[in-house]
1. Given the condition surrounded by 14 or more Cβ atoms within 10 Å (Cβ to Cβ) and either free of Cβ contacts under 8 Å to residues at least 40 places away in the same chain or of a type in the set (V, I, T) (or both), answer yes or no: does some residue in the range 295-305 qualify?
2. Among the numbered criteria (1) crowded, with 19+ Cβ neighbours inside 10 Å; (2) without any contact (Cβ under 8 Å) to a residue 60 or more places away in the chain, which single criterion is violated by H124?
3. Would it be correct to say that G396 is of a type outside the set (K, R), on the phi > 0 side of the Ramachandran plot and in contact (Cβ under 8 Å) with a residue 24 or more places away in the chain?
4. List the strands (runs of 3 or more DSSP E) inside the range 244-363, counting only whole elements, that have at least 3 residues being of a type in the set (D, E, K, R).
5. Criterion first (open to solvent by less than 50 Å² (accessible area, probe 1.4 Å), at pLDDT 95 or above and touching a Pro at 6+ places or on another chain (Cβ under 6 Å)) does V118 satisfy it?
6. Would you be able to say whether some residue in the range 132-139 is open to solvent by 40 Å² or more (accessible area, probe 1.4 Å) and touching a residue at least 24 places away in the same chain (Cβ under 8 Å)?
7. Filter the range 255-281 for residues that are among the hydroxyl-bearing types (S, T, Y), buried (at least 19 other Cβ atoms within 10 Å of the Cβ) and more than 23 Å from Q203 (Cα to Cα) and give the result.
8. Among the listed residues R351, R407, R357, R386, which satisfies the condition of being assigned by the TED database to the domain that holds A238, under 19 Å from the mean Cα position of the chain (by Cα) and either free of Cβ contacts under 8 Å to residues at least 24 places away in the same chain or open to solvent by 30 Å² or more (accessible area, probe 1.4 Å) (or both)?
Amino acid sequence: MWCWRLTSLFNVPCWLSRSTDHRSAWLPGYRKIFSAAAARWHHTAPESLNCAWQLHGDHLELRYANTLMRFDFVWLRDHCRSASCYNTKTNQRSLDTASVDLGIKPKAVRVDETTLFVTWPDGHVTRYGLEWLVKNSYEGQKQQVMHPRILWNAEIYRQAQIPSVDCRSFLETDEGLKEFLRNFLLYGIAFVENVTPTKEDTQILAERISLIRETIYGRMWYFTSDFSRGDTAYTKLALDRHTDTTYFQEPCGIQVFHCLKHEGTGGRTLLVDGFYAAEQVLQQAPDQFELLSKVPLKHEYIENVGGCHNHMIGVGPVLNVYPWNNELYLIRYNNYDRAVINTVPYDVVHRWYTAHRTLTAELRRPENELWVKLKPGKALFIDNWRVLHGREAFTGYRQLCGCYLTRDDVLNTARLLGLQA
């Protein structure tokens, strides 16, 4: 049975028809349905006239706010927010999902201006806000963005004129911290100025927004060209654009850099918005984007230097997307650490190389490169799931300190300040 919200007997819901050209073919049938269902209609305020619903064998179909949604009956019962099913104080489910009859069907359904009411066979009534359903339906999620961002190349970023945040404001005020996090969430990079150039003060800075992630490099690390670790980064050589810790099962979320001293030339830091480059691939070659998001690869870190003995392996595609809306949330790109490709069949691997070449070409476009000279007192925070970094070769003594931050804690700090993260 369909229920329509209509102000006139002849207002046919547009989503019931395939096209106006075929209306004559189905209009008689429509009139028959109208006649049979007339006693069951509910007339409501004009703002709810775009709502209609229909029961099927195993789901309810609902049209509201220009969104056509389908809800499995078990899903509807499982997501009841009544006092007996959901604890609003803890925001946790009380209902035992495993106790719900997998063949459950509503006994009755009705809708008013804002709410869907479902009565279950045992008499229990569940109320769902129509706006809540739009927000939490699969179809609604496909239309939403999990993390609002501004994609950028060098020119876009420069024109935005994103200000650095002063260290004192960052540490002592919610306004300064919120400005910093807003910039970081939108662009994937953010700077703090006037930081005392010591590892200890950099640590205080980092702990303002997150727990420091303990890794094989320790918590806070010094970084210079002494080859003290088995990594090209501990040399004076140029480093091509890459993301860090691709050899972790979960790559580190945020990286902090602070140049404490440089007595020499060169050493500029390269930053590239990997999501901007990936978006270009999606627009130009969607099949290649899809391949890069589905083919799993191994990355590894092998180290036998001094007392450091490590062999770490992380597995995942180059591009990681939410499957329901194809939104990119992580790029795992490091040509230095990519292991032997032995997870891809021969008839796919050449296509993967072609897709990888397309992405690499975008990442290496000069217009996408933002070059920054790090200096003592200026700390840089990088979203390691999004922004690739590198450096040019340098001379002389150059020392940086830094750390990795836990991503969840940074996002939690942002949410507590009212930001979408």
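The values are calculated or read from the model by the stated rules, or taken from the named source; none is laboratory data. Everything numeric in this text was worked out from a predicted model, so none of it was measured. Here Cβ is always computed from backbone atoms with ideal geometry, including for glycine, and neighbour counts include all displayed protein chains. All accessible areas refer to the heavy atoms of the entire protein, side chains included, with ligands and DNA or RNA removed. Shrake-Rupley method; radii C 1.70, N 1.55, O 1.52, S 1.80 Å.
1. Here is the first cut: in the range 295-305, the ones surrounded by 14 or more Cβ atoms within 10 Å (Cβ to Cβ) are 295, 297-301, 303.
Going one step further and asking which of them are either free of Cβ contacts under 8 Å to residues at least 40 places away in the same chain or of a type in the set (V, I, T) (or both), we end up with 295.
Yes, that holds for at least one residue.
2. Condition not satisfied by H124: (1).
3. Working: of a type outside the set (K, R): yes; on the phi > 0 side of the Ramachandran plot: yes; in contact (Cβ under 8 Å) with a residue 24 or more places away in the chain: yes.
Here the answer is yes, as G396 does meet what is asked.
4. Ranges flagged: 297-305.
5. Numbers: open to solvent by less than 50 Å² (accessible area, probe 1.4 Å): yes; at pLDDT 95 or above: yes; touching a Pro at 6+ places or on another chain (Cβ under 6 Å): yes.
So V118 passes the test.
6. So in the range 132-139, the residues open to solvent by 40 Å² or more (accessible area, probe 1.4 Å) come out as 132, 135-136, 138.
With the extra rule that they be touching a residue at least 24 places away in the same chain (Cβ under 8 Å), the set shrinks to 136, 138.
Within the range 132-139 (the criterion being open to solvent by 40 Å² or more (accessible area, probe 1.4 Å) and touching a residue at least 24 places away in the same chain (Cβ under 8 Å)), the answer is yes, since at least one residue qualifies.
7. Let us first name the residues in the range 255-281 that are among the hydroxyl-bearing types (S, T, Y), namely 265, 269, 276.
From the residues that got through so far, the ones that are buried (at least 19 other Cβ atoms within 10 Å of the Cβ) too are 269, 276.
Hit for the range 255-281 is Y276, nothing else.
8. It is R407.
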